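Report on the structure given below.
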Amino acid sequence: MNKNIITAVLGVCCAVTAAGRTEAEIDSCVNDLLGRMTLAEKVGQLNQRSGFGYADEMVGLVRSGGVGSILNETDPETVNKLQRDAVEKSRLGIPLVFARDVVHGFKTIFPIPLGQAASFNPALVEEGARIAADEASSVGIRWTFSPMVDVSRDPRWGRIAESFGEDTYLSSVLGVAMVKGYQGDDLTKPNTMAACAKHFAGYGASESGRDYNTTWIPEIQLRETYLPPFKAASDAGAATFMCSFNDINGIPSSGNRHLLRDILRDEWGFDGMVVSDWGSLDQMIPHGFSRDRRHAAMQGVNAGVDMDMESYAYCAHLEDLVSKGEVSEAAVDSLVANVLRLKYRLGLFENPYVDIKTSKRFYADASLDAARRAVEESAILLKNNGALPIDNSKVRKIAVVGPMADARHDQVGTWVFDFEKERSVTPLDALKDMYGEKNIIYAPGLEYSRQNDTKGFAAAVKAAREADLVLCFGGEEAVLSGEAHCRVDLTLPGAQSALLRELKATGKPVVLVVQAGRSLALADDAALADATVFCFHGGTMTGPALANLLSGEVNFSGRCPVSFPRMSGQVPIYYNRKNTGRPAADMTLINDIPLEAGQTSTGCTSYYLDAGDGALFPFGYGLSYTTFAYSDPVISSSEIAPDGSLTVSCTVSNTGSREGSDVAQLYVRDHIGSLVRPVRELRGFEKVTLKPGESRVVTFTLRPDDLAFYNTPTTRVVEPGEFSVWISPDSQSGNPAKFNVVDQPSVAANN
Ligand code: GLC
């Protein structure tokens with residue numbers, strides 16, 4: 001059968017076959033289509049433009065096949081008009097894919113990802129992503145730029161808000177949950193969205209926590225800390241990746257062939273699509289990596305960036321580069337194939353349009369309920385001297401104070417473009433509903449988080465004097481976190497600490513409730529408050545969730561997904577640090593040092609004279625209204641071979657007076673390595689809910705992969721030697737069990 005007939009037959013197949021194609025059939029369709037495209041049409045598919053309504057320029061681009069994807073268009077009628085131009089008025093009828101940053105909800109806003117991480121609940125994260133996909137796809141968005149799985153150990157970096165925090169394992173598990181939530185089990189279904197693992201890679205290591213800054217990440221650390229969540233997302237079938245703005249060791253990710261081809265394609269076998277970040281191809285010029293936009297376009301193709309978001313580098317220069325032989329058409333074809341494959345996988349050739357009859361599916365009761373549960377499970381009780389839960393026998397009047405008590409806009413946090421602030425339910429709203437308006441005395445004290453003017457203090461202090469309990473809602477406005485919003489002073493902004501001091505001076509019990517986009521340095525504030533609650537910007541249902549938690553209707557179960565520093569200068573700070581040759585010991589803190597103290601009188605170990613050592617609230621930490629006890633771990637063997645496994649169990653008991661959930665966390669330590677190893681590494685967790693007096697045995701299996709590490713950039717090994725394993729309520733507590741990895745385990749050891 002000659003080529004033309006094959007092409008014709010395939011063309012017919014690709015046009016009419018039901019969406020449920022096999023990968024082989026998709027490849028055939030892609031190759032068939034590629035074979036019929038002009039170079040200009042191919043380049044058009046690699047061009048992503050930000051939408052601005054049904055404007056002539058965009059219409060012209062679409063009808064000429066000059067654009068492959070549009071981001072930020074969220075009107076379903078406009079989406080369909082543009083799509084109809086693409087499908088019915090362009091020469092080949094290739095559909096557009098519409099994209100948006102749907103990072104923690106579209107209309108029903110969930111906690112920022114850092115908050116969702118505090119829930120340590122993958123099922124909850126998946127549920128939130130599923131709801132976001134349903135709402136966003138109802139207006140035609142079929143591709144989101146989420147999950148952000150950049151491990152981040154530096155809360156100065158504003159984008160820690162979008163991450164799952166400082167731990168590689170937790171980020172991996174929750175990133176996968178989000179991918180599954182967005183993509184479901186059939187990406188051709190019109191209520192799904194293609195996920196996008198971002199920002200590949202190492203963006204969270206931005207030097208000094210300043211956004212877009214350079215990173216220096218040795219390959220071993222890249223593979224140990226920053227790549228695993230991306231590998232997990234790729235293995236989970238994430239349809240797309242986004243390359244990051246930063247350079248890694250001098251090479252911007254948008255031009256990093258080793259990252260995008262050697263690792264992502266060749267080593268991991270990723271066959272999805274890679275999109276640049278906004279303008280990131282162009283930014284290789286100021287990086288000092290590209291001479292000009294034409295050079296950037298060539299470097300992007302060579303590195304393997306399939307789609308150019310808003311650099312206009314590909315659409316301006318690729319045809320010329322091909323015509324001059326500086327870039328092969330085959331290289332362009334491979335990028336275009338990835339774009340077309342995404343569109344086939346999304347079923348866009350069969351279902352390109354939004355069903356207007358069922359569009360704008362927003363704010364379902366079940367969605368709002370899920371959003372409230374997500375906040376309830378992500379808020380963290382950091383301190384409680386008995387002020388919580390609110391005791392109705394003692395508390396009648398409640399003073400609700402602080403700039404975040406009624407912050408409809410700011411409680412949803414960063415990266416929310418489509419929310420409607422009038423749908424936000426604030427803590428003030430919810431507390432009035434719960435306790436009756438006449439029992440709530442509201443006096444913000446400060447109108448917004450950065451305010452330094454104390455004119456509102458008097459009213460707030462008066463409210464406190466008239467009340468039995470003060471709830472002070474502090475924290476950060478949404479604009480203080482997220483992209484390009486970095487802070488070096490991690491204390492509460494504005495005059496919030498001063499307000500807290502004034503409230504405390506009234507002698508009334510004061511509960512500090514912080515809503516923010518990052519871990520903060522709360523040492524002084526937490527010391528003042530009778531109880532401290534931390535809620536990473538919680539989204540639409542922050543109010544009802546916090547009211548349920550503060551009243552005791554719901555028990556706290558959130559745990560720290562990041563370490564909270566005592567002082568800003570401690571960052572970067574993280575639990576899975578190295579021990580050093582002189583771990584902190586016998587610390588003499590700055591106010592305890594005698595005058596004319598001798599040079600070595602404060603000891604010579606690794607700590608700060610002013611901040612001491614370690615986090616104020618460590619990774620994995622969080623309190624409850626009940627208490628839990630953990631037995632020492634029991635292991636199935638004291639010796640295993642390097643390729644062996646062992647089980648480790650622990651009995652978790654609720655030793656308090658009310659039901660509660662705790663997060664049992666599995667940590668390991670490799671005591672001796674050819675490279676020094678962290679003092680602990682999270683390798684598993686399980687959230688257990690127990691009634692008072694109830695106990696449960698929690699069991700994990702440790703496998704070689706849990707004990708292995710890269711001892712060279714290309715080899716990952718389990719080395720013989722002594723290991724410790726914990727099952728504990730946080731990254732600092734618990735007693736370990738010890739075992740040895742030996743080349744030839746003795747039989748007795750397994751008894
Ligand atoms: C931004 C962000 C990226 C986002 C993209 C599209 O600059 O870096 O996370 O998805 O542009 O808005």
- Message: Of everything in the stretch 483-520, what is surrounded by fewer than 24 Cβ atoms within 10 Å (Cβ to Cβ) and among the small types (Gly, Ala, Ser)? Give them in sequence order.
- Response: ALA484, GLY494, ALA495, SER497, ALA498, ALA505, GLY507
- Note on the structure: Log entry, pairs with first residue in the stretch 61-75 being over 19 Å from SER311 (Cβ atoms) and of a type in the set (Val, Ile, Thr), second being within 16 Å of the ligand (Cβ to nearest atom) and assigned to a loop (DSSP other than H, G, I, E, B), beta carbons closer than 9 Å, six or more apart or on different chains, reads THR74/GLY51; THR74/PHE106; THR74/ILE141; THR74/PHE417; THR74/ASP418
- In the set TRP157, TRP143, which member is within 16 Å of the ligand (Cβ to nearest atom), within 30 Å of ILE573 (Cα to Cα) and modelled with pLDDT of 95 or more? TRP157
- Has the stretch 63-76 got at least one residue that is β-branched (Val, Ile, Thr) and assigned to a helix (DSSP H, G or I)? no
- Here, strands (runs of 3 or more DSSP E) confined to the stretch 634-706 with at least 2 residues that are more than 29 Å from the chain's Cα centre (by Cα) are 646-654, 695-702
- Message: Take the residues in the stretch 540-599 that are crowded, with 24+ Cβ neighbours inside 10 Å and among the polar types (S, T, N, Q); name whichever of them is nearest to ALA387 (Cα to Cα).
- Response: SER557
- Query: Do we have SER90 as surrounded by 23 or more Cβ atoms within 10 Å (Cβ to Cβ) and among the hydroxyl-bearing types (Ser, Thr, Tyr) here?
  - Reply: no
- Consider VAL149 against the criteria (1) away from the ligand (no atom under 14 Å from the Cβ); (2) touching a Pro at 6+ places or on another chain (Cβ under 6 Å): it satisfies all of them except one. Which criterion is unmet? (1)
- Query: From the list ALA132, ALA117, which one is touching a residue at least 40 places away in the same chain (Cβ under 8 Å), under 16 Å from the mean Cα position of the chain (by Cα), more than 21 Å from GLU41 (Cβ to Cβ) and more than 16 Å from the ligand (Cβ to nearest atom)?
  - Reply: ALA117
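Can you name every residue in the stretch 366-397 that is among the small types (Gly, Ala, Ser) and not in a loop (DSSP other than H, G, I, E, B)? Reasoning before the result, please.
If we filter the stretch 366-397 for residues that are among the small types (Gly, Ala, Ser), which is where we start, we get 366-367, 370-371, 374, 378-379, 386-387, 393.
Correct list: ALA366, SER367, ALA370, ALA371, ALA374, SER378.
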- If GLY598 satisfies every condition in (1) within 27 Å of ARG566 (Cα to Cα); (2) touching a residue at least 12 places away in the same chain (Cβ under 8 Å); (3) small (Gly, Ala, Ser) but one, which is the exception? (2)
- Query: If ILE109 passes every condition in (1) of a type in the set (Val, Ile, Thr); (2) surrounded by fewer than 24 Cβ atoms within 10 Å (Cβ to Cβ); (3) away from the ligand (no atom under 16 Å from the Cβ) but one, which one does it miss?
  - Reply: (2)
- Can you name the number of the only condition in (1) in contact with a helix residue (DSSP H, G or I) (Cβ under 6 Å, 6 or more places away or on another chain); (2) within 16 Å of the ligand (Cβ to nearest atom); (3) without any contact (Cβ under 8 Å) to a residue 40 or more places away in the chain that PRO286 fails? (1)
- Report, by residue number, each residue of the stretch 654-709 that is touching a helix residue (DSSP H, G or I) at 6+ places or on another chain (Cβ under 8 Å) and farther than 17 Å from TYR630 by Cβ. ASP670, LEU675, GLU681, PHE709
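Residues GLU267, GLU310: which one is touching a residue at least 60 places away in the same chain (Cβ under 8 Å) and either within 30 Å of ALA708 (Cβ to Cβ) or within 16 Å of the ligand (Cβ to nearest atom) (or both)? Write out each step before concluding.
Numbers: GLU267 fails: touching a residue at least 60 places away in the same chain (Cβ under 8 Å).
Result: GLU310 is the single residue among GLU267, GLU310 that is touching a residue at least 60 places away in the same chain (Cβ under 8 Å) and either within 30 Å of ALA708 (Cβ to Cβ) or within 16 Å of the ligand (Cβ to nearest atom) (or both).
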- Looking at the stretch 77-109, which of its residues are of a type in the set (Lys, Arg), under 30 Å from SER163 (Cβ atoms) and in a loop (DSSP other than H, G, I, E, B)? LYS107
- Query: Residues of the stretch 193-246 being among the acidic types (Asp, Glu) and within 15 Å of the ligand (Cβ to nearest atom), which ones?
  - Reply: ASP211
- Please verify whether the stretch 369-384 includes one or more residues that are more than 26 Å from the chain's Cα centre (by Cα), surrounded by fewer than 22 Cβ atoms within 10 Å (Cβ to Cβ) and not charged (D, E, K, R). yes
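The values are calculated or read from the model by the stated rules, or taken from the named source; none is laboratory data. Note that the structure is predicted; figures quoted are calculated from it, not measured. Please note: Cβ atoms are built from the backbone with ideal geometry, for glycine as well, and neighbour counts cover all protein chains shown.
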